[in-house]
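Structure first, then comments.
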Amino acid sequence: MSSPDRKRDLTAGPEEGPAPPFPLRLDGKVIKGFGRGSSELGIPTANIPIEGLSVGGHSEVESGVYYGWAGLSACPSIAESPPTQRGAYTHLPSSIQEPLLHAAASATPAPANQNTGGQVYPMVMSIGWNPYYKNTVRSVEVHVMHSFSHEFYGAHMNLVILGYIRPELDYVSKEKLIEDIRTDIEVAGRSLAREGYARFRGEPYLVEFEGKGEVGT
Ligand SMILES: Cc1cc2nc3c(=O)[nH]c(=O)nc-3n(C[C@H](O)[C@H](O)[C@H](O)COP(=O)(O)O)c2cc1C
Ligand SMILES: Nc1ncnc2c1ncn2[C@@H]1O[C@H](COP(=O)(O)OP(=O)(O)O)[C@@H](O)[C@H]1O
Ligand SMILES: [Mg+2]
């Protein structure tokens, strides 16, 4: 059980850039989860199938909380909310809004992304069993650090994972879980705004939007 008042570092990973095994790459189509992220926690997570997790020669990725960049295929949600839009980060702590805007605007998209209509966003993610909820299936869930006006089930999500933040924990209350996820968001934002991490923003490779996703697809 997590100690409620433990002090947490506000960045994770070496200052100069990701160290092995990072960067790790992972992709999949956004599917339905248990529907708790938005409704119970106020923090939506785009779930992708766990099967994609053995990419890049790493057959077993340790459970825990990670950060990196998420490429999303073109879909109505992202057309309305591009990552460089001023105001896109106003839901985050004010200290990381400017650095994130700067990282989003200054990185060059990979040639593969230039004409797809897709976009790349900062993300923080959880891989594991969600000990607070005692899930019996392992899940991969990505909180995209951006305000969207719509959901985007079925969009293709392409991840470049650049660092590890902490293990998954159990909590005495839902409020304590939310508090830690909010700190994770701040840690991810501060960590990604560093030059050695911002330069990976162009990497997630984007594909066309394919329509609605379903559980297990
Ligand atoms: C950054 C981040 C950190 C998380 N850390 C934990 C954790 O330590 N323990 C836990 O039980 N769940 C953790 N979760 C998972 C939430 O419990 C999960 O997102 C929520 O149950 C929503 O699940 P759903 O997508 O199936 O609706 C974390 C989620 C995120 C985005
Ligand atoms: N900032 C965001 N990050 C992740 N998903 C988001 C975000 N904004 C909207 N969504 C949408 O909300 C859905 C996730 O909500 P959630 O309550 O976790 O449901 P589920 O249990 O089905 O994953 C995502 O699949 C996505 O379509
Ligand atoms: Mg979710």
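Looking across region 161-193, the residues that are more than 16 Å from Y66 (Cβ to Cβ), outside any helix (DSSP H, G or I) and at pLDDT 90 or above come down to D170, Y171, V172, S173.
Please pick out the residue among T45, T11 that is β-branched (V, I, T), surrounded by 19 or more Cβ atoms within 10 Å (Cβ to Cβ), more than 16 Å from ligand 2 (Cβ to nearest atom) and at pLDDT 90 or above.
On the way: T45 fails: more than 16 Å from ligand 2 (Cβ to nearest atom).
On inspection, the qualifying residue turns out to be T11.
When S2 is tested against (1) within 12 Å of ligand 1 (Cβ to nearest atom); (2) in contact with a helix residue (DSSP H, G or I) (Cβ under 8 Å, 6 or more places away or on another chain); (3) modelled with pLDDT of 90 or more, only condition (3) is not met. If you check V137 against the conditions, is it part of a loop (DSSP other than H, G, I, E, B) and within 11 Å of ligand 1 (Cβ to nearest atom)? Against the criterion (part of a loop (DSSP other than H, G, I, E, B) and within 11 Å of ligand 1 (Cβ to nearest atom)), V137 qualifies. Read through the list (1) at pLDDT 90 or above; (2) buried (at least 18 other Cβ atoms within 10 Å of the Cβ), then give the number of the only condition that P131 fails. Against the list (1) at pLDDT 90 or above; (2) buried (at least 18 other Cβ atoms within 10 Å of the Cβ), P131 comes up short only on (2).
Restricting attention to region 16-52, the residues being part of a loop (DSSP other than H, G, I, E, B), in contact (Cβ under 8 Å) with a residue 40 or more places away in the chain and either over 22 Å from I165 (Cα atoms) or within 17 Å of the chain's Cα centre (by Cα) (or both) number 12.
Would you check which residues across region 25-36 are more than 18 Å from G71 (Cα to Cα) and surrounded by 19 or more Cβ atoms within 10 Å (Cβ to Cβ) and list them? Of everything in region 25-36, just one residue is more than 18 Å from G71 (Cα to Cα) and surrounded by 19 or more Cβ atoms within 10 Å (Cβ to Cβ), namely G33.
Taken over region 142-163, the criterion of being within 12 Å of ligand 1 (Cβ to nearest atom) and surrounded by fewer than 20 Cβ atoms within 10 Å (Cβ to Cβ) is satisfied by E151, Y153. Looking at region 128-173 only, could you name the residues that are basic (K, R) and either more than 15 Å from ligand 2 (Cβ to nearest atom) or touching an Asp or Glu at 6+ places or on another chain (Cβ under 8 Å) (or both)? Across region 128-173, the qualifying residues are K134, R166.
Each row is one residue, and each column tells you yes or no for (1) closer than 15 Å to A12 by Cβ; (2) not acidic (D, E).
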position: M125; (1), (2): yes, yes
position: E141; (1), (2): no, no
position: P167; (1), (2): yes, yes
position: S173; (1), (2): no, yes
position: I181; (1), (2): yes, yes
position: E186; (1), (2): yes, no
position: R199; (1), (2): no, yes
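The values are calculated or read from the model by the stated rules, or taken from the named source; none is laboratory data. Quick caveat, the model's predicted, so the values are computed rather than measured. Reconstructed Cβ throughout: ideal geometry from the backbone, glycine too, with neighbour counts over all protein chains shown.
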